[in-house]
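Take a look at the structure set out below.
The values are calculated or read from the model by the stated rules, or taken from the named source; none is laboratory data. Bear in mind that the values here come from a model prediction, so they are computed numbers and not experimental data. Don't worry about glycine lacking a Cβ; one is built from the backbone with ideal geometry, like all the others, and counts go over all protein chains shown. These area figures cover heavy atoms from the full protein model, side chains too; ligands, DNA and RNA do not enter into them. Shrake-Rupley method; radii C 1.70, N 1.55, O 1.52, S 1.80 Å.
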Amino acid sequence: MSEASSEDLVPPLEAGAAPYREEEEAAKKKKEKKKKSKGLANVFCVFTKGKKKKGQPSSAEPEDAAGSRQGLDGPPPTVEELKAALERGQLEAARPLLALERELAAAAAAGGVSEEELVRRQSKVEALYELLRDQVLGVLRRPLEAPPERLRQALAVVAEQEREDRQAAAAGPGTSGLAATRPRRWLQLWRRGVAEAAEERMGQRPAAGAEVPESVFLHLGRTMKEDLEAVVERLKPLFPAEFGVVAAYAESYHQHFAAHLAAVAQFELCERDTYMLLLWVQNLYPNDIINSPKLVGELQGMGLGSLLPPRQIRLLEATFLSSEAANVRELMDRALELEARRWAEDVPPQRLDGHCHSELAIDIIQITSQAQAKAESITLDLGSQIKRVLLVELPAFLRSYQRAFNEFLERGKQLTNYRANVIANINNCLSFRMSMEQNWQVPQDTLSLLLGPLGELKSHGFDTLLQNLHEDLKPLFKRFTHTRWAAPVETLENIIATVDTRLPEFSELQGCFREELMEALHLHLVKEYIIQLSKGRLVLKTAEQQQQLAGYILANADTIQHFCTQHGSPATWLQPALPTLAEIIRLQDPSAIKIEVATYATCYPDFSKGHLSAILAIKGNLSNSEVKRIRSILDVSMGAQEPSRPLFSLIKPRAAVSGIQQWWNGRQNWKRKKEKMSSRLAGAFRVLWRAVSTASIRRHIQVAPRPLQAGPAMGP
C-alpha cells in the first residue's frame, strides 16, 4: 500500500480557515441575538471531511460533535472549555487553540494590552499546548494500539504544528512582548518518542536463563524485524510522508542494536560469542532483516550501515580466524592420535564394500569442511580467508600423518593386523585426494604440494606390501645369470607364477590403488629383468647367439606385459623397455644400433651411457671404437631432459658399472693372456729354430769333433 501524503491525511490549516472565519463572522452578527454559547461545538466541525447537510451527522462522529453542527454561529470556546476538552482527550481542540494563539499574537502586535496581561494570556495558552502535546504524543507513542481515526487526528495536529513552525520561522522574530514559543518541534519530539519506544522494546530481555549473547542477539533481531514489518504494513499507510515513519523507526532500532553489539564487543569473547557476533553483523542483520522480502524496499536505500565499524569487524575476523585455525589443528591432531592408538593396539580396520576402511580421512574432511562452512556462513570473503588458513594447516597435518604412518611401518611389523591397517591407510589417500580436487579449487602446483605427503605415504605403503614378494622374487631372477640364460622362458614362468599366487593379498585395496600397485609390480619385474641382463656375465661373440638371446627377451617381454596388463597395470609406457633392448642386442650394424639407441633414449630419458655400455657388453663382437661411437649418440639424444617416469634411474649405478667393469676386465684379461701366450710361443719358436738350424749345419759340414781338453770349455 502506498504511503498517504500529508494533504490526504491531514486537513491543512488553510482548508479549515474559511469555515472558521465564516463562523466567526456569523457569531459577531448574531452575538446580540443569541444568549447561549454553543462552546466547542462551533469549532470542531472543521475537522470533518466533506460537507454534509445539517441534521445528517456521520455515524463515526461523536454525538456532541454531531450536535455542534447546529451551533456554528456561537462564539469561540473559552480557555476553560478548551482545557476541559483536552483533559477529555478531544484532539479537535487543537484548531481553536491555534486560533487562540494567533489571536494573542495579533493582540500583542496591535498593542493596547499590558505586558502583564499578555504574559498571563500566553501562560494559559502554553498550558493548553502542554495538555495537547501530551495527548498527541501519548497517542503516537502507542500508534498500533490507537484507533486509526484517532491516530489520524494526532498526526494532523503534529503536521499542523509543523506548518505553523515553518510559518513562524519564515516571518522572523516578532517585536511584541510575547516570549518566543516557536518552533515547538513536535515532529522532533515524536521522533524522540520513537527512539524511546525502540529502546523499551529492544531492551526487554529474553526469558530467564537465556541471557547468553546468542539468545540476546536473537531477541534483538527478531524484535526489530517484527516491529519494522508492522510499521511498514500498518503505520506507513496512515502516516504522512513528511514523517518518514519507516525511517524513524528503522534508525532508532538500528542505533539500539548497534549500541548493544558495540558494548558486547568490548569484552573478551569466547570462540562461540565471537562467531555469533560476526554472524549477526555480517550476515543475519544485512540479509535476513535489512534485505528481508517485506523490508528490502523500504530499508535498502536508507544507508543504515553496519552494526559495527569496519575496524572492529576486521579485529573480530582476525580473532575468529586465529581461533578456528587453532581449533582445526587441535581436532585434527586428536583424530590422528586416536587413529595411531588403534594401529598400535592392533585394532583391525573396518571393511567397507570389501575394502579396508579408516575413518581418519572422513574425520579430517569434516573438520576442514565445517571450518570453511562456518566462515562462509558469515561472509564468502571470510570463507576465502579461512581457506588460505586451511591450506597451511592441512599440509602440516598430512606431514604429521605421514610421519606417524612411517613410525607404524617400522614398529608394527609383528602385529596381526599390520598389513590390513597399511591397506586402510593407503585407501585413505583416495578420500583425501578426491576431497581436495573437488572442494579446493587451487592451482595444480599447489595441489601437488598438498598431495605430496599422501604420495609418499602411499609409496611407502606399497613398498611394505610388496616387500615380501620382492624377497621371494630375488632368487628367481638370479637364475637368469646363474644359468647364463640357458632357460630364460622357464625362469620367467616361475617368476610369474609366484606373483600370481600373491596377488589376492592386495584385493582389499581400492580399485585405483590396485592398479597403481600392479604398475609398481610391473615396473619391478621390468627393472629386475634389465638388472640381470646388465650384469655382464654373458658375452656373446656371434650374431646367431645374440639373435637367439634377443628372441628370448622378446618372448619374456611379451609374457610380462600380458600378465601385468591382464591384472590391471596401466603402465603402457613400459611396453617398449625390453623389446628395444632385444633389438639392440640383435642388430649387427653399428649405425642401426645407434638409431635404435637414440629412439630408446627418447622413451626413457634416464637411459645413460653406463646402462648402454652394460647392454653392449653382451655383444662380444663389437670393437672399442664401435662401442664408443654408439655411446656418443646419447650425448645428442638425452640433453638435459628429465624422465617423467623413472626406470633406469631406479637401477643402482653399481649394477650397470659392474657389467661395464666385467666387460672391460674380460677384454683386458683376454688381451693380456693373448700377449703372454704370444711371448711364450715366440720363445719356444726361437729355441726350436736354433736347434733345427744347428742340426742341419752339422749334417752338411763334415767337421770332426774335437777331443775334450783340460781347462775351460770352449764354445763351438
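When the residues of segment 65-82 are filtered to those that are outside any loop (DSSP other than H, G, I, E, B) and modelled with pLDDT under 85, the one that is surrounded by the most Cβ atoms within 10 Å (Cβ to Cβ) is Ser68.
Here's the yes/no breakdown for (1) in contact with a helix residue (DSSP H, G or I) (Cβ under 7 Å, 6 or more places away or on another chain); (2) at pLDDT 90 or above; (3) in a helix (DSSP H, G or I); (4) more than 30 Å from Ala195 (Cα to Cα):
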residue: Ala84; (1), (2), (3), (4): no, yes, yes, yes
residue: Glu130; (1), (2), (3), (4): no, yes, yes, no
residue: Ala168; (1), (2), (3), (4): no, no, yes, no
residue: Ser176; (1), (2), (3), (4): yes, no, no, yes
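For segment 197-211, the candidate set comprises residues that are modelled with pLDDT of 85 or more and exposed (fewer than 14 other Cβ atoms within 10 Å of the Cβ); within that set, the residue that is nearest to the chain's Cα centre (by Cα) is Gly203.
Can you find a residue that is of a type in the set (A, V, I, L, M, F, W, C) and over 20 Å from Glu519 (Cα atoms) anywhere in segment 604-611?
Residues of segment 604-611 that are of a type in the set (A, V, I, L, M, F, W, C), as a first pass: 607.
Filter once more, keeping what is over 20 Å from Glu519 (Cα atoms): none.
No, segment 604-611 contains no residue that is of a type in the set (A, V, I, L, M, F, W, C) and over 20 Å from Glu519 (Cα atoms).
If I ask for residues that are assigned to a helix (DSSP H, G or I) and either β-branched (Val, Ile, Thr) or touching a residue at least 24 places away in the same chain (Cβ under 8 Å) (or both), which ones from segment 477-493 would you list? Before you say what the answer is, go through the steps one by one.
Here is the first cut: in segment 477-493, the ones assigned to a helix (DSSP H, G or I) are 477-482, 488-493.
The answer is Phe477, Lys478, Phe480, Thr481, Pro488, Val489, Thr491, Leu492, Glu493.
The condition (being touching a residue at least 12 places away in the same chain (Cβ under 8 Å), of a type in the set (A, V, I, L, M) and either open to solvent by 30 Å² or more (accessible area, probe 1.4 Å) or touching a strand residue (DSSP E or B) at 6+ places or on another chain (Cβ under 9 Å) (or both)) is satisfied by just one residue among Leu238, Leu131: Leu131. If you check Ala371 against the conditions, is it part of a helix (DSSP H, G or I), more than 17 Å from Arg388 (Cα to Cα) and not basic (Lys, Arg)? Criteria not met by Ala371.
Could you grab me the full set of residues in segment 588-604 that are under 16 Å from Val526 (Cα atoms) and surrounded by 18 or more Cβ atoms within 10 Å (Cβ to Cβ)?
Taking segment 588-604 and keeping what is under 16 Å from Val526 (Cα atoms), we get 600, 603-604.
Passing the criteria: Tyr600, Tyr604.
In segment 280-288, the condition of being buried (at least 20 other Cβ atoms within 10 Å of the Cβ), touching a Leu at 6+ places or on another chain (Cβ under 8 Å), over 30 Å from Gly412 (Cα atoms) and hydroxyl-bearing (Ser, Thr, Tyr) is met by at least one residue.
Residue count for segment 562-587, restricted to those that are in contact (Cβ under 8 Å) with a residue 24 or more places away in the chain, part of a helix (DSSP H, G or I) and open to solvent by less than 30 Å² (accessible area, probe 1.4 Å): 9.
For Leu308, the conditions (1) in a helix (DSSP H, G or I); (2) open to solvent by less than 60 Å² (accessible area, probe 1.4 Å) all hold with the exception of (1).
Exactly one residue among Ala248, Ala263, Ala259 is assigned to a helix (DSSP H, G or I) and either surrounded by 17 or more Cβ atoms within 10 Å (Cβ to Cβ) or in contact with a Phe, Trp or Tyr (Cβ under 6 Å, 6 or more places away or on another chain) (or both), and that residue is Ala248.
Which residues, counting only those in segment 443-458, are open to solvent by 30 Å² or more (accessible area, probe 1.4 Å) and aliphatic (A, V, I, L, M)? Of everything in segment 443-458, those that are open to solvent by 30 Å² or more (accessible area, probe 1.4 Å) and aliphatic (A, V, I, L, M) turn out to be Leu449, Leu451. Out of all the residues in segment 182-205, is one or more touching a residue at least 24 places away in the same chain (Cβ under 8 Å), of a type in the set (S, T, N, Q) and part of a helix (DSSP H, G or I)? Looking through segment 182-205, none of the residues is touching a residue at least 24 places away in the same chain (Cβ under 8 Å), of a type in the set (S, T, N, Q) and part of a helix (DSSP H, G or I). Scanning segment 341-397 for residues that are open to solvent by 40 Å² or more (accessible area, probe 1.4 Å), of a type in the set (Ser, Thr, Tyr) and more than 17 Å from Glu330 (Cβ to Cβ) yields one hit, Ser384.
Considering (1) without any contact (Cβ under 8 Å) to a residue 12 or more places away in the chain; (2) closer than 20 Å to Ala424 by Cα, the lone condition that Phe462 does not fulfil carries the number (1). Condition first: open to solvent by less than 50 Å² (accessible area, probe 1.4 Å) and either of a type in the set (Gly, Ala, Ser) or outside any helix (DSSP H, G or I) (or both). Now tell me which residues in segment 212-235 satisfy that. Selection gives Ser215, Gly221, Ala230.
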